[in-house]
1. Given the residues Met261, Met177, Met234, Met211, which is the only one that is modelled with pLDDT under 80 and of a type outside the set (S, T, N, Q)?
2. Could you list all residues from the stretch 36-80 that are among the hydroxyl-bearing types (Ser, Thr, Tyr) and more than 20 Å from Ile124 (Cβ to Cβ)?
3. Which count do you get for residues in the stretch 49-96 that are out of contact with any Pro (no Cβ under 8 Å at 6 or more places or on another chain), polar (S, T, N, Q), in a helix (DSSP H, G or I) and open to solvent by less than 30 Å² (accessible area, probe 1.4 Å)?
4. From Thr259, Thr283, Thr221, grab the single residue that is in a helix (DSSP H, G or I), touching a Lys or Arg at 6+ places or on another chain (Cβ under 8 Å) and among the β-branched types (Val, Ile, Thr).
5. State yes or no: is Ser152 of a type outside the set (A, V, I, L, M), open to solvent by 20 Å² or more (accessible area, probe 1.4 Å) and either at pLDDT 90 or above or on the phi < 0 side of the Ramachandran plot (or both)?
6. Mind checking whether some residue in the stretch 239-252 is in contact with a Ser or Thr (Cβ under 7 Å, 6 or more places away or on another chain) and modelled with pLDDT of 85 or more?
7. Determine if the stretch 125-139 includes at least one residue that is outside any helix (DSSP H, G or I) and touching a His at 6+ places or on another chain (Cβ under 6 Å).
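The values are calculated or read from the model by the stated rules, or taken from the named source; none is laboratory data. Model, not experiment: these values are computed from the prediction. Heads up, the Cβs are rebuilt from the backbone with ideal geometry, glycines too, and the neighbour counts pull from every protein chain shown. Heavy atoms of the whole protein, side chains included, go into the accessibility calculation; ligands, DNA and RNA do not. Shrake-Rupley method; radii C 1.70, N 1.55, O 1.52, S 1.80 Å.
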Amino acid sequence: MSSSEVYDYENYTTSFLPASPCKSSLDVVNSTGIVLGYIVVFFFGLMGNSVVMIAVWTMKTHRTSTDIYLMHLAIADLLFSLTLPFWAVYIHESNWIFGTFLCKLLSGVQEVAFYSCVFLLACISIDRYMAIVKATQFLSKQHHVVRIVCFSVWLGATVLSIPIIIQREALQINGFMFCYENNTAEIVDSWRLGLRIVHHVLGFFFPLLVMLFCYGYTVGTLFRSRNSQKHKAMRVILCVVLAFVICWLPNNVAEFVDTLMRGGLIEDTCQNRDNLAVVMYSTQALAFMHCAINPILYAFVGKKFRNHLLSLLFKKGLVAREVLMRYRAGSVYSSGSTRHTSVTL
């Protein structure tokens, strides 16, 4: 299952070829709760990521490379959030009512947003590694290079999402419509399995290794450094990466098990299918929550982002001076030593 797939737990078959049907039971999963959760995540994701985009966009002279990456990360999360109401209706109705075009479009948007998110997090880890471990600010100063990197990220994410857009269709099964991968299409099984492996490797595990390598060296350097500003600068970034891993790792592990089962490397039984259906249904709900988490981390962990946002609201007359002075702990630009530190942090 890809990140853009709402799990077809009623008509699930684990083989790329037609398999004997299994009656799946998900009584342990509260679908109404999942639907309400999607709506809540949609609301907070829409509002929170919009605020992050506006806040970073208004940073003119103090915007760094990390800020630009984080703004694009907010765009990816916002796009992901916009698809959630459609999946909520899908789960509530147990029927896809939006046709093949929206099935392909929404699946593609979610896949692009997912790839962009993980690639941008990897870019941020490399950016922080270069700035702290290698002690160079070249990328922070060369914003045109950062823009090229961001364009490449979105282009690569779009290319990797093309197979999902091609394969996903609105299919009628047992009188119900499902937005699902068309397993009856004339696609070689090895090619279909290969696409899934590419998704696992490029869409999660390789970027995760890049992040672990870069942040491992970065944290080690910070422990040997007495620069408290750099320590604070890494706090939000590490929280963002940790949130991504917590939200997406369970779903990617479940997807990997699903891939092994579809490839015949794990025994294909009705009991295994049913257990995997429950796990994938639950881990997907956890993964979808991720698009609303980052703005919360910026607001509660990132002092500089909070200060900048309060200043922006004060200039627009939306908060009183007393509120600004009460909650603004220090100036965003109070120290020359922080001139290369992301204001978003």
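1. Among Met261, Met177, Met234, Met211, only Met234 is modelled with pLDDT under 80 and of a type outside the set (S, T, N, Q).
2. Of everything in the stretch 36-80, those that are among the hydroxyl-bearing types (Ser, Thr, Tyr) and more than 20 Å from Ile124 (Cβ to Cβ) turn out to be Tyr38, Ser50, Thr58, Thr61.
3. Qualifying residue count, the stretch 49-96: 4.
4. Thr259
5. Here the answer is yes, as Ser152 does meet what is asked.
6. Yes, the conditions are met somewhere in the stretch 239-252.
7. yes
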